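Here is the structure we will look at, set down as structure tokens.
Every read-out reported here was derived from the displayed coordinates using simple, explicitly stated rules and does not represent laboratory data. No experiment lies behind these values; they were computed from the predicted model shown. Every residue, glycine among them, receives a Cβ derived from its backbone with ideal geometry; neighbour counts consider all protein chains shown.
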There are 2 protein chains.
Amino acid sequence: MKSTTTKGSNAYAAACPTRVVLDRIADKWAVLILGLLQEEPIRFNRLRKQIEGISQKMLSQTLKKLERDGLVGRKAIPTVPVTVEYSITPLGRTLSAMLDGLRVWAETHIEKVLIAQKRYDSGSRGSR
Amino acid sequence: MKSTTTKGSNAYAAACPTRVVLDRIADKWAVLILGLLQEEPIRFNRLRKQIEGISQKMLSQTLKKLERDGLVGRKAIPTVPVTVEYSITPLGRTLSAMLDGLRVWAETHIEKVLIAQKRYDSGSRGSR
């Protein structure tokens with residue numbers, strides 16, 4: 001099968017750990033967070049402000065998962081109160097270019113998708 | 001902001017429809033389905049067999065969303081009983097190459113991610 005790499009990992013197999021990673025990186029919030037961090041390290045509060053609509057809890061959870069996966073680094077700066085800064089790791093950087101593509105695809109093709117949705121919803125796609 | 005395209009779409013804005021599309025395409029099952037369909041049209045039951053662990057309901061829902069977005073086409077073949085075949089659309093094809101990259105990234109870097117997870121879980125990443 002095409003999807004099998006030389007290392008034998010296969011995202012189509014349920015038991016393959018690749019499936020877990022795919023689930024993690026195929027995540028709207030991860031895409032947006034890594035997209036910002038690839039430019040510069042950013043503090044928690046600024047991340048939250050730049051990504052409209054993300055809750056404090058969701059941002060915190062996603063950052064924790066990304067840190068656990070080795071994609072994002074976390075640095076506590078001993079100010080009063082402590083500020084926490086996040087940065088992208090070399091491993092995260094290998095991923096972020098690809099995620100960029102995904103975000104840009106969404107931004108570029110949104111109009112075509114909206115047209116398709118309208119056509120679908122109007123029922124002109126034929127009977128089921 | 002870097003993520004703004006010439007058309008003014010911006011996935012970082014909560015109200016931008018791009019956000020919805022990003023959520024759709026940043027989806028484990030969509031990645032796996034489009035990865036198979038880009039090679040050839042496939043019937044529902046064969047898709048289900050090839051993607052281990054996907055339920056009938058989840059496959060059906062994901063295909064319906066992909067069809068609504070104009071990424072996948074659906075053809076009912078008048079056999080007895082009716083068989084339904086899914087194929088990738090030209091719009092879907094512009095997306096699938098990028099999604100390939102995502103899947104291959106997961107398959108290629110899985111070992112590094114697992115090592116990072118072990119290190120994180122053993123607590124050697126410093127105190128919080």
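One table, with the values for the structure above:
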{"item": "P(r) weight above 23 Å for the stretch B:17-121, C-alpha pairs, percent", "result": "33"}
{"item": "For the protein assembly as shown, fraction of C-alpha pairs farther apart than 33 Å, in %", "result": "24"}
{"item": "Environment charge of residue B:27, counting only residues whose C-beta is closer than 10 Å and scoring Lys/Arg +1, Asp/Glu -1", "result": "+1"}
{"item": "Proximal aspartates and glutamates to residue B:75, defined as alpha-carbon separation beneath 12 angstrom and excluding residues fewer than eight positions away on the same chain", "result": "B:67, B:85"}
{"item": "Net charge contributed by nearby residues that have their C-beta within less than 9 Å of residue B:11 (K/R +1, D/E -1)", "result": "+2"}
{"item": "Residue mean of other protein chain beta carbons inside 10 Å, A:95-105", "result": "6"}
{"item": "Ascending list, in nanometres, of distances separating the residue A:123 label from those of the other copies (7 Å, Cα toward Cβ)", "result": "6.3"}
{"item": "Copies compared at residue B:83 - label distances in nm, ascending, label defined 7 Å from Cα in the Cβ direction", "result": "6.3"}
{"item": "Distance between the stretch A:28-106 and the stretch B:51-115 - C-alpha centres, whole angstrom", "result": "28"}
{"item": "Other copies of residue A:52: label-to-label distances in nm, shortest first, labels 7 Å along the beta-carbon direction", "result": "4.2"}
{"item": "Rotational relation A to B, axis-closest Cβ in chain A, residue and distance rounded to whole Å", "result": "A:26, 2"}
{"item": "Distance violations [Cα-Cα > 23 Å] among B:28/B:64; B:28/B:57; A:65/A:112; A:118/B:28; A:65/B:49", "result": "A:65/A:112; A:118/B:28; A:65/B:49"}
{"item": "Of the GluC sites (Glu not before Pro) in the stretch B:32-99, those whose Cβ has at most 15 other Cβ within 10 Å and which sit in DSSP loop", "result": "B:39, B:52"}
